[in-house]
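Presented below is the structure to which this report refers.
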Amino acid sequence: MRAYERLLNYVTVHTTSDPNSGTHPSTARQFDLARQLVEELKGLGLTDAHVDEHCYVYATLPATPGREEAKGLGFIAHMDTADDASGENVKPQLHPNYDGGPVTLPATGAVLDPEVFPFLKEMKGQTLITADGSTLLGADDKAGVAEIMTMLERVQTEQRPHGKLCIGFTPDEEIGEGASLFDVEHFGAAYAYTVDGDDVGEISYENFNAAAAVVTVHGFSVHPGSAKNAMRNAQNIAMEFHMALPVFSRPEHTEGREGFFHLTSMQGDVTTAHLGYIVRDHDAVKFAARKAQLQHIADCLNEKYGAGTVELDVKDSYYNMLEKIQPHFHLVENARQAIRAAGLEPIEAPVRGGTDGATLSYMGLPCPNLGTGGFNFHGPCECITAEKMDQSVEILLNLVDLYK
């Protein structure tokens, strides 16, 4: 079975996670795919395949005779899909021998236009896979799941020598909790790859340092007719806080390794106002400076309006995996070799976001991320090709060979 055939099956299972549920997993429906994958893994000879109470799927393919000394190599993908668009009743559409032109999605009439999405031109002649326009496709990250499963099938049917292979499929990656309850010790790998990136041939081993900041402003309300020298409007002070941050250090003005302050929420009245931010920077020193800048603004406003007017709560979310990958840089070097052996040139760029691999790396499992071949994730214009998925499988097989 080719990887795209598995993908067509997996995307029909509704697995959207829920950022507001407070449960682990965040939605019980993720178990539907987890149980299906356990049965498939057992059918491929991974007899210890199981899903735990938090919807993490674990399985091991023992080393072939003579390869028992090789360190365990892991492959990880996530089962959930983002809630940015519906993930229910997905109807995948095949466009064989794609002509490189605009594609109309039948349910809505939305158009995938190569003038808007230039990467489509490179897919000419391939089998393009989309949704029908009413949902996302779910290639993020069911493509990664399908590619890992197909790699396992080929390892078995082609009787390839290999070291211990450790497989993990996780829930809730899309809400930032995919690695939260991952059992690294039970997983059994010395190092691993997440298969959850964009274009095939991509290697990601550098991501943002991240924090969330909540600013709470306490005002003082009096009748506006007699407010002179008495009222402190919390909303105005909140806006003063925001305008003290550099305008050109916002996401819409940054790229590459440039960090930012991003205002994600605001609400309030005269008495109380709240601002929510995410803070990002690849550089640890600059990341610390950004958090210090928030505190400096809060201190200045408290000096101006009175102690306790502005409260700042900053919590780190995740860190740049590069620090944990560098001591194990063979992971990147071997990924480059595996990609070139598949006929591609590696695509390397810092991730302007987070990845489960970052959290796992800080949990003791060095874990860069590999591309799946997909584009336009988290929306109805999501797409991938069968051929790019085939190439991703070849890369995974090449890594198995390099670590045997």
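Computed quantities for the displayed model
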read-out	value
Candidates ALA244, ALA288, ALA307 - the one that is under 21 Å from THR355 (Cα atoms) and at pLDDT 95 or above	ALA288
Which listed residue, of ASP401, ASP316, ASP356, ASP390, is within 21 Å of the chain's Cα centre (by Cα) and under 23 Å from LEU165 (Cα atoms)	ASP356
Residue within the stretch 274-288 that is among the basic types (Lys, Arg), open to solvent by less than 50 Å² (accessible area, probe 1.4 Å) and either in contact with a Leu (Cβ under 6 Å, 6 or more places away or on another chain) or assigned to a strand (DSSP E or B) (or both) present	yes
Answer from THR23, THR16, THR60, THR12 - the residue that is over 19 Å from LEU152 (Cβ atoms) and buried (at least 17 other Cβ atoms within 10 Å of the Cβ)	THR16
Per-region count, the stretch 298-312, residues in a loop (DSSP other than H, G, I, E, B) and either loosely packed, with under 12 Cβ neighbours inside 10 Å or acidic (Asp, Glu) (or both)	2
GLN267 being in a helix (DSSP H, G or I) and surrounded by fewer than 21 Cβ atoms within 10 Å (Cβ to Cβ)	no
Qualifying helices (runs of 4 or more DSSP H) (wholly inside the stretch 325-404; at least 1 residues being of a type outside the set (Val, Ile, Thr) and at pLDDT below 95)	356-362
Residues of the stretch 349-363 that turn out to be over 17 Å from GLU177 (Cα atoms) and out of contact with any Lys or Arg (no Cβ under 8 Å at 6 or more places or on another chain), as a count	2
Qualifying positions in the stretch 183-221 - under 30 Å from THR271 (Cα atoms), open to solvent by less than 40 Å² (accessible area, probe 1.4 Å) and more than 19 Å from the chain's Cα centre (by Cα)	ALA213, VAL215, THR216, VAL217, GLY219
Among (1) surrounded by fewer than 21 Cβ atoms within 10 Å (Cβ to Cβ); (2) out of contact with any Lys or Arg (no Cβ under 8 Å at 6 or more places or on another chain); (3) among the hydrophobic types (A, V, I, L, M, F, W, C) - the single one PHE75 does not satisfy	(1)
Unique match (being in contact (Cβ under 8 Å) with a residue 40 or more places away in the chain, over 26 Å from ARG67 (Cβ atoms) and open to solvent by 20 Å² or more (accessible area, probe 1.4 Å)) among GLU382, GLU323, GLU394, GLU345	GLU345
Long-range neighbours under 6 Å by Cβ, at least six apart or interchain, first residue open to solvent by 10 Å² or more (accessible area, probe 1.4 Å) within the stretch 159-182, second in a strand (DSSP E or B)	GLU173/HIS78
Residue check for ARG6: open to solvent by 10 Å² or more (accessible area, probe 1.4 Å), assigned to a helix (DSSP H, G or I) and more than 17 Å from ALA143 (Cβ to Cβ)	no
Residues of the stretch 211-248 satisfying the condition of being within 20 Å of HIS296 (Cβ to Cβ) and touching a residue at least 60 places away in the same chain (Cβ under 8 Å)	ALA211, ALA212, ALA213, VAL214, VAL215, THR216, VAL217, HIS218, ILE237, GLU240, PHE241
Subset of the stretch 297-342 [within 18 Å of VAL195 (Cα to Cα) and in contact with a Leu (Cβ under 7 Å, 6 or more places away or on another chain)]	ILE325, ASN334, ALA335, GLN337, ALA338
Selected residue (only one of THR355, THR372, THR359 is open to solvent by less than 10 Å² (accessible area, probe 1.4 Å) and touching a strand residue (DSSP E or B) at 6+ places or on another chain (Cβ under 9 Å))	THR372
Selection count where residues are under 25 Å from ASN398 (Cα atoms), of a type outside the set (Ser, Thr, Tyr) and part of a helix (DSSP H, G or I), scope the stretch 120-150	13
Test: residue in the stretch 216-229 that is touching a Cys at 6+ places or on another chain (Cβ under 7 Å), among the hydrophobic types (A, V, I, L, M, F, W, C) and at pLDDT 95 or above	no
Count of residues meeting criterion [within 25 Å of the chain's Cα centre (by Cα) and either open to solvent by 60 Å² or more (accessible area, probe 1.4 Å) or under 18 Å from SER392 (Cα atoms) (or both)] in the stretch 102-119	3
Where a residue in the stretch 274-300 is of a type in the set (S, T, N, Q) and its partner, wherever it lies, is in a strand (DSSP E or B), with Cβ under 8 Å and at least six apart	GLN295/LEU312; GLN295/VAL314
Segments classed as strands (runs of 3 or more DSSP E), wholly inside the stretch 151-261, with at least 2 members that are of a type in the set (Val, Ile, Thr) and within 17 Å of ALA59 (Cβ to Cβ)	165-170, 191-197
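The values are calculated or read from the model by the stated rules, or taken from the named source; none is laboratory data. Being a predicted model, the structure only gives us computed values, none of them experimental. Don't worry about glycine lacking a Cβ; one is built from the backbone with ideal geometry, like all the others, and counts go over all protein chains shown. Ligands, DNA and RNA are excluded from the accessible area calculation, which covers all protein heavy atoms including side chains. Shrake-Rupley method; radii C 1.70, N 1.55, O 1.52, S 1.80 Å.
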